[in-house]
Amino acid sequence: MNPIPPRLDILVIAAHPDDAEISMGATITQLVSQRKQVGILDLSDGEPTPRGTPEIRRAETVNATNVLGVAWRGNLGLPNRSIQHTLEARKQLASVMRLCQAPWIFAPYWIDAHPDHVVTSDLSEAARFWAKLSKTDMPGEPFHPTRIYHYYSVHLKQAIQPAFIVDVTDSWDNKMAAVRCYPSQFDGPADDDTSSFYDRLDVAGQHWGHLIGTEYGEPFTCREPIGLTSLDSLF
């Protein structure tokens with residue numbers, strides 16, 4: 001794993017490099033522009049893939065990270081395609097939470113066809129609980145993140161009902177620039193003869209934006225109630 005994380009405001013947990021960019025890259029860009037300390041923890045290196053190698057994927061991840069401008073990015077080193085919710089993996093993830101002290105966690109939605117995404121969601125919930133344990137050999141001080149929010153990185157054709165949608169019109173171009181840092185994953189012939197991956201991602205962003213009256217949006221949900229200190233942000 002990468003060096004010990006600094007103190008963060010937000011920790012985004014992803015099964016693979018590019019999951020965070022695809023699902024909430026524009027929101028991450030927005031948070032960074034607001035001077036929030038944002039970190040991304042990928043649980044695996046995402047390889048093997050048809051056109052990638054570990055070396056290529058690492059270089060692509062570095063480029064995407066630089067585009068997003070996040071404060072820190074780490075990798076837990078779990079095996080792609082076979083991420084398991086083991087006690088050791090839970091301990092490693094909880095340790096990162098204790099060290100970075102991020103009150104907000106973002107993790108994948110808990111229903112998906114991709115087993116790695118489902119396990120990452122479940123692992124994040126369990127690690128959040130473990131992070132607050134006192135009698136343990138985990139590094140850092142006991143800490144319980146305030147909320148876990150879930151982004152949608154799904155392979156199922158679902159009619160999802162998000163808890164909220166973020167207006168990301170001003171940061172959408174930077175999200176797409178970050179996603180385009182992974183040509184080994186997304187460049188090449190379209191897989192359905194109608195549109196490229198980038199086109200479909202753009203259409204999805206416009207769909208979510210349309211629902212809230214903006215040009216682009218990114219959807220999120222949460223298992224727990226979401227509190228507001230003001231109604232000014234509702235529109």
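The values are calculated or read from the model by the stated rules, or taken from the named source; none is laboratory data. Predicted model only: the values in this text are computed from it and were never measured. Heads up, the Cβs are rebuilt from the backbone with ideal geometry, glycines too, and the neighbour counts pull from every protein chain shown. Areas reflect the complete protein model, heavy atoms only, side chains present, ligands, DNA and RNA absent. Shrake-Rupley method; radii C 1.70, N 1.55, O 1.52, S 1.80 Å.
The table that follows gives values for the structure above.
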| item | result |
| --- | --- |
| Count of region 37-57 residues which are in a loop (DSSP other than H, G, I, E, B) and open to solvent by 70 Å² or more (accessible area, probe 1.4 Å) | 4 |
| Exclusive hit being within 14 Å of ASP19 (Cα to Cα), outside any helix (DSSP H, G or I) and not β-branched (Val, Ile, Thr), set HIS144, HIS150 | HIS150 |
| Identity of the residue in region 102-158, more than 15 Å from the chain's Cα centre (by Cα) and among the aromatic types (Phe, Trp, Tyr), that ends up surrounded by the most Cβ atoms within 10 Å (Cβ to Cβ) | TRP130 |
| Options GLU60, GLU88: the member that is part of a helix (DSSP H, G or I), touching a residue at least 60 places away in the same chain (Cβ under 8 Å) and among the acidic types (Asp, Glu) | GLU60 |
| Condition met for VAL96 (outside any loop (DSSP other than H, G, I, E, B) and without any contact (Cβ under 8 Å) to a residue 12 or more places away in the chain) | no |
| Verdict on LYS175 being within 22 Å of THR49 (Cβ to Cβ) and basic (Lys, Arg) | yes |
| Enumerated helices (runs of 4 or more DSSP H) restricted to region 159-235, each holding at least 3 residues that are at pLDDT 95 or above, loosely packed, with under 14 Cβ neighbours inside 10 Å and out of contact with any helix residue (DSSP H, G or I) (no Cβ under 8 Å at 6 or more places or on another chain) | 197-211 |
